[in-house]
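Step one of this worksheet: look at the structure below.
The values are calculated or read from the model by the stated rules, or taken from the named source; none is laboratory data. Since the structure is predicted, the reported quantities are computational estimates derived from the model, not experimental observations. Heads up, the Cβs are rebuilt from the backbone with ideal geometry, glycines too, and the neighbour counts pull from every protein chain shown. Just the protein is used for accessible areas: all its heavy atoms, side chains included, with ligands, DNA and RNA removed. Shrake-Rupley method; radii C 1.70, N 1.55, O 1.52, S 1.80 Å.
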Amino acid sequence: MAWYRMYFLAFSGEIRNVDEFEADSDESAATFADNIHEAVSDLYVGYEVWNLSRRVAERRSRDNPRPSLCQARVTRQMQALLLRRYEVLQNSETAFSRSRQLPARTRELRNAITAKPLQCVDDGT
């Protein structure tokens, strides 16, 4: 497991917030970060993910496509970690807690954890 730092970007490209998390690979870190960003994308236009001095993923604008990730890669363990991270961000006294999307994403994920297993579906994106 390695530590990753996620930078949340404003429309100007400036870093507006940061979060850190642990992941077992760069691919897992990118998947995890993209899911976090989607939950707070009403506040931040993009993100970068770094491991030490190495950038492992980025999405600088909502106009850029999301990484082509099969959501089935989001394992039950990752879902549990994402849910915990969503709850931490939502309950923080930072800008994250002002996200209007985050509570809905938290509920959706909580419901998904109790639902049937995820499957890869080509959604045309």
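Side notes on the structure shown:
Conditions (1) over 13 Å from the mean Cα position of the chain (by Cα); (2) closer than 22 Å to Arg107 by Cα; (3) touching a residue at least 40 places away in the same chain (Cβ under 8 Å), marked per residue:
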{"residue": "Ala10", "(1), (2), (3)": "yes, no, no"}
{"residue": "Gly13", "(1), (2), (3)": "yes, no, yes"}
{"residue": "Val18", "(1), (2), (3)": "no, no, no"}
{"residue": "Ala23", "(1), (2), (3)": "no, no, no"}
{"residue": "Thr31", "(1), (2), (3)": "no, yes, yes"}
{"residue": "Ala39", "(1), (2), (3)": "no, yes, yes"}
{"residue": "Tyr47", "(1), (2), (3)": "no, no, yes"}
{"residue": "Trp50", "(1), (2), (3)": "yes, no, yes"}
{"residue": "Arg54", "(1), (2), (3)": "yes, no, no"}
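- Residues of region 1-35 that are modelled with pLDDT under 95 and surrounded by 14 or more Cβ atoms within 10 Å (Cβ to Cβ): Ala23, Asp26, Glu27, Ser28, Ala29, Ala30, Thr31, Phe32, Ala33, Asp34, Asn35.
- If the condition is being buried (at least 17 other Cβ atoms within 10 Å of the Cβ), in a helix (DSSP H, G or I) and touching a residue at least 60 places away in the same chain (Cβ under 8 Å), then region 84-108 contributes Arg85, Leu89, Phe96, Leu102, Arg105, Thr106.
- Evaluating Tyr47 against the criteria (1) under 21 Å from Arg84 (Cβ atoms); (2) open to solvent by 60 Å² or more (accessible area, probe 1.4 Å) leaves one unmet condition, (2).
- Residue list for region 60-83, filter: open to solvent by 30 Å² or more (accessible area, probe 1.4 Å), in contact with a Leu (Cβ under 7 Å, 6 or more places away or on another chain) and either at pLDDT 70 or above or on the phi > 0 side of the Ramachandran plot (or both): Arg60
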